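The structure appears right after this line, and notes come after that.
The values are calculated or read from the model by the stated rules, or taken from the named source; none is laboratory data. Only a predicted model underlies this, so the values are computations on that prediction, with no experimental measurement involved. Glycine gets a Cβ as well: all are built from the backbone with ideal geometry, and neighbour counts include every protein chain shown. We work out accessible area using only protein heavy atoms, side chains counted, and drop any ligands, DNA or RNA first. Shrake-Rupley method; radii C 1.70, N 1.55, O 1.52, S 1.80 Å.
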Amino acid sequence: MKVIVTGGTGLIGSEVVRAAIADDEIDELILLLRSQPEIQHPKITVVLHKDFTNYSGLAEYFSKAHALIWCLGISQTQVSKKQYEAITYDYTKACIDFCKQVKPSIRFVFVSGDGADRTEKSRTLFKRLKGKAENALLQSGLPDIIIARPDAVRPRHKNKRAPLAYKLVYPLFPLVEWLAPSKIIWSDVLGKALLQLAKNGYEKDTLENTELQTLAK
């Protein structure tokens with residue numbers, strides 16, 4: 001099976017990569033990246049790609065892939081509001097449109113987030129734009145859409161790309177996990193769940209945090 005991954009060097013995407021390398025059913029992992037990843041493996045095909053609003057020239061990779069796992073994202077604390085909207089919504093919408101052109105049968109697994117608001121009226125930018133991206137997927141006409149909504153993702157491995165605000169809350173994860181275990185998901189658990197969704201699909205289009213925890217087990 002061949003799988004495309006965006007955001008493969010981030011907290012979640014890198015765990016998808018690790019899970020895919022260990023999975024005998026995955027024979028090629030196509031990483032759309034701006035720069036070379038730290039993880040190297042014979043299964044990995046790196047496609048250096050700078051403009052995520054334009055996928056022209058990538059048809060050969062999309063046409064042979066069975067699934068796409070969209071892990072591309074950024075904290076809204078790291079960029080301007082305009083940049084955050086471009087990364088969260090515009091990049092996703094452009095990829096959806098390209099899939100419709102070259103591989104409408106592709107299974108599109110989208111990493112959203114807890115509380116994504118499909119009314120697009122939330123005062124929280126993250127919730128509003130994730131909801132907008134979810135709507136774009138669900139209204140696209142693509143037949144195989146799966147939306148994953150993790151809550152707080154606890155890192156299993158250190159990630160140099162993590163924003164400072166995220167690093168500051170690392171010490172709080174054990175307490176939150178003890179008080180409210182349903183709110184936390186380990187990054188490697190999420191990576192395995194996303195890969196399972198890409199491989200096997202799911203009976204409904206949206207999974208919440210506890211469902212992702214269960215799926216990985």
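What GluC sites (Glu not before Pro) in segment 41-139 are in a loop by DSSP, with at most 16 other Cβ atoms within 10 Å of the Cβ?
GLU120
Determine which residues of segment 90-109 fall in the zone a paramagnetic label at MET1 would reach in this model, i.e. backbone nitrogen under 13 Å from the point 7 Å along Cα→Cβ.
Within reach of a label on MET1, which here means backbone N under 13 Å from a point 7 Å along Cα→Cβ, segment 90-109 contributes 107-109.
Would you mind putting 86-95, 28-37 in packing order, based on average other-beta-carbon counts within 10 Å, highest first?
86-95, 28-37
Name the residue, out of GLY201, GLY115, GLY57, whose mean-square fluctuation peaks in a Gaussian network model built on the chain with Cα pairs under 10 Å.
Fluctuation is largest for GLY57.
Measuring with a 1.4 Å probe in the full set of protein chains, what accessible area per residue, in whole Å², belongs to the chain?
I get 49 Å² per residue for this part.
Heads up, I need the accessible area for SER63: 1.4 angstrom probe, whole protein in place, Å², nearest 10.
Number for this one is 60 Å².
Do you know the Lys pair count in segment 35-111 for C-alpha distances under 30 Å, with sequence separation 8 or more or different chains?
Here the count comes out as 19.
Which aspartates and glutamates, if any, have their Cα less than 18 Å from the Cα of LYS130, not counting same-chain residues under 8 positions apart?
GLU85, ASP90, ASP97, ASP114, ASP117, GLU120, ASP151, ASP205, GLU208
Probe radius 1.4 Å, ligands and nucleic acids ignored: give me the carbon and sulfur share of the accessible area of the chain as a rounded percent.
52
Got the relative contact order for the chain handy, in percent, Cα pairs under 8 Å and 6 or more residues apart?
22
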